[in-house]
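Please read the structure below before turning to the comments.
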Amino acid sequence: MKKSTVRQDRGFPFANFSTLGLMFIAGFFATVAFDLWGQTISPALGFSTLSPHGLAKSLLGTFGLPSGNFAGYFVHFYVVGLIGYPIGWLFIFKPIWTKLTADRFGWFVPSAIYGFGLWIFAIGGITLIAGLPFFLGFTGITWVALVGHVLYGIVLVAVINLIKN
């Protein structure tokens, strides 16, 4: 068995330009789905409107970094949506999930669980670091964000699988 095959069997992708492109493409579609839900569909249905760049701005301001609109959108879309969350799936969650479950649950269940974990991380953790209320006070935006993060996880993994297959 080739070394590359063993490495792939453990669930770790290769750190190369192909993986980077995969992350950017899948992250792009997942972020668009997240924003479409949170900024268009949710308010059209009478629910809260998500403003993820606002959370990014608050976090940047906490650290004394530039925290204008451009910086907030940059962090939300590029740093988190195209890089951070895809890295979390490809290099952390997916390899651990594969080791623990041997992929018995297909791709949908772990992608939804990953999205739920992103929600815990962002709305439960980052909000505290940014000086905002824990889980944003469990207001309507909290639950819209839950759906958005789970949707992000599902779309991310669906696009990754579509490209790989």
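The values are calculated or read from the model by the stated rules, or taken from the named source; none is laboratory data. Fair warning: this is a prediction, and the values are worked out from it, not measured in the lab. Note that each Cβ is placed from the backbone with ideal geometry, even for glycine, and that neighbours are counted across all protein chains shown. Heads up: the accessible areas ignore ligands, DNA and RNA and are worked out on the full protein's heavy atoms, side chains in. Shrake-Rupley method; radii C 1.70, N 1.55, O 1.52, S 1.80 Å.
Points to keep in mind about this one:
- Residue-level accessible surface for Val150, protein heavy atoms, 1.4 Å, Å²: 40 Å²
- The chain - mean residue ellipticity at 222 nm from DSSP helices (-39,500 (n - 2.57) per run, n ≥ 4, rounded to 500): -17000 deg cm²/dmol
- 15 Å reach of a label modelled at Ile129, 7 Å along Cα-to-Cβ, counting backbone N of region 148-165: none
- Solvent-accessible surface of the chain, taken per residue with a 1.4 Å probe and all protein chains present: 55 Å².
- With R₀ fixed at 45 Å, the C-beta to C-beta distance from Ala15 to Ile41 puts the FRET efficiency at about 0.80.
- Modelled FRET efficiency - R0 25 Å, Asn165 with Ile92, Cβ distances, 0.05 increments: 0.65
- Summing Cβ point charges (Lys, Arg +1; Asp, Glu -1) relative to the Cα centre of the chain gives a dipole of roughly 600 debye.
- Between Leu128, Leu65, Leu45, the Gaussian network model of the chain with springs among Cα atoms under 10 angstrom shows the greatest mean-square fluctuation at Leu45.
- A Stokes-Einstein calculation at 37 °C with viscosity 0.692 mPa s, built on the Kirkwood radius of the chain over Cα pairs, returns a diffusion coefficient of 199 µm²/s.
- Crossing angle, helix 140-164 versus the chain [Cα axis fit, 0-90 degrees, rounded to tens]: 30 degrees
- Measuring nothing but how far apart in sequence close Cα pairs (under 8 Å, 6+ apart) lie, relative to its length, region 47-130 scores a relative contact order of 35 percent.
- Long-range tail of P(r) for region 85-165 (Cα pairs > 18 Å, %): 44 percent
- Ratio Rg/Rh, restricted to region 54-99 and using Cα atoms, in which Rh is the Kirkwood radius: 1.17
- Considering only alpha-carbon pairs that sit under 8 angstrom and 6 or more positions apart, the relative contact order computed for the chain is 34 percent.
- Computed extension gain for Thr49 through Phe116, at 0.36 nm per residue and net of the alpha carbon distance, reaches 22.2 nm.
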